[in-house]
1. Would you list Tyr49, Tyr92 from fewest to most Cβ contacts within 10 Å?
2. Assuming a ≥ b ≥ c are the square roots of the Cα gyration tensor eigenvalues, decide whether segment 114-193 counts as rounded (a/c under 1.5), prolate (otherwise, with a/b larger than b/c) or oblate.
3. If packing is taken as the average count of other Cβ atoms within 10 Å, what order do 75-81, 23-29 fall into, highest mean first?
4. If I take R0 = 30 Å and measure r between the Cβ atoms of Val173 and Leu67 in this structure, what FRET efficiency does the formula 1/(1 + (r/R0)^6) give, to the nearest 0.05?
5. Give me the extension gain from Asn140 to Asp121: residue separation times 0.36 nm, minus the current Cα-Cα distance, reported in nm with one decimal.
6. Could you tally the net charge around Leu160, taking each other residue with its Cβ under 15 Å from the Cβ of Leu160, Lys/Arg +1 and Asp/Glu -1?
7. Compute the Cα gyration tensor for segment 22-167, then decide on rounded, prolate or oblate, letting a ≥ b ≥ c be the square roots of its eigenvalues: rounded whenever a/c is under 1.5, prolate when a/b is larger than b/c in the other cases, and oblate in all that remain.
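We did not get these values from a lab; they are worked out from the coordinates using the rules stated. Nothing here was measured: the structure is a model prediction, and the numbers come from that model. Counting neighbours? That spans all protein chains shown, and the Cβs are built from the backbone with ideal geometry, glycine included.
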Amino acid sequence: MLEEIKSMPALCCGRERGFTLNELLVVVAIVAILSSLAVPTYQWAFDKYRLKGAADTLRGDLQYARLQAISNNKPVFVSFAPAANMGSSWCYGMILATSGVAGCNCTIANSCTLKQVSSSDFSGVTLAAPTSPAVMFAANLNFDPVRGLVAPASGAVEFLSTLGKRAQLNLSVIGKAGICDPAATGSGYPSCY
């Protein structure tokens, strides 16, 4: 056995083991090519989830406003700004009605006591009037404390992503909010029609 060990070639005296510069450059090139193929997929996924985040947050907040109105037996106002053309710089806020208060201004810090949400929370997502046949809901919504009905009547808004995905939030007169995709853009919501 000792003779077998002595007859083995020495590891230190042969060629050094490792990668050559050419082998390393080939591996780096392959990784770069695969990464460049994956980047558009990541952008698509981030775009979709930002859109879904904005739409789902508004739907949840409208349901929250309805519940707050019923549980506190006071109207809850949801105010959007800017009202006319929302665009990429939008916000909304909620306030529990007290004497003389009929809304809040989400552009002013701490004006909306229940909640304030801003477009900066969802970069690249715009809020706009919905495509036909839906009608945009009012800039100030009022949830009734008795039955949770919303006034003025029903309406919708549409969220648009940077890559063209769309999500339309529809609000019924009974205060129920639903989301659909008005143009089958791959937003992850069912088609509106």
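1. On the way: Tyr49 14, Tyr92 26.
Going from least to most buried by this count: Tyr49, Tyr92.
2. Working: a/c = 2.24, a/b = 1.44, b/c = 1.56.
It comes out oblate by the Cα gyration axes.
3. Working: 75-81: 23.0, 23-29: 10.7.
The most tightly packed comes first, giving 75-81, 23-29.
4. 0.95
5. Values: separation 19, 0.36 × 19 = 6.84 nm, distance 2.10 nm.
Full extension from Asn140 to Asp121 adds 4.7 nm.
6. Details: positive: Lys48, Arg50, Lys52, Lys165, Arg166; negative: Asp47, Glu158, Asp181.
Here the count lands on +2.
7. Details: a/c = 3.16, a/b = 2.63, b/c = 1.20.
Prolate.
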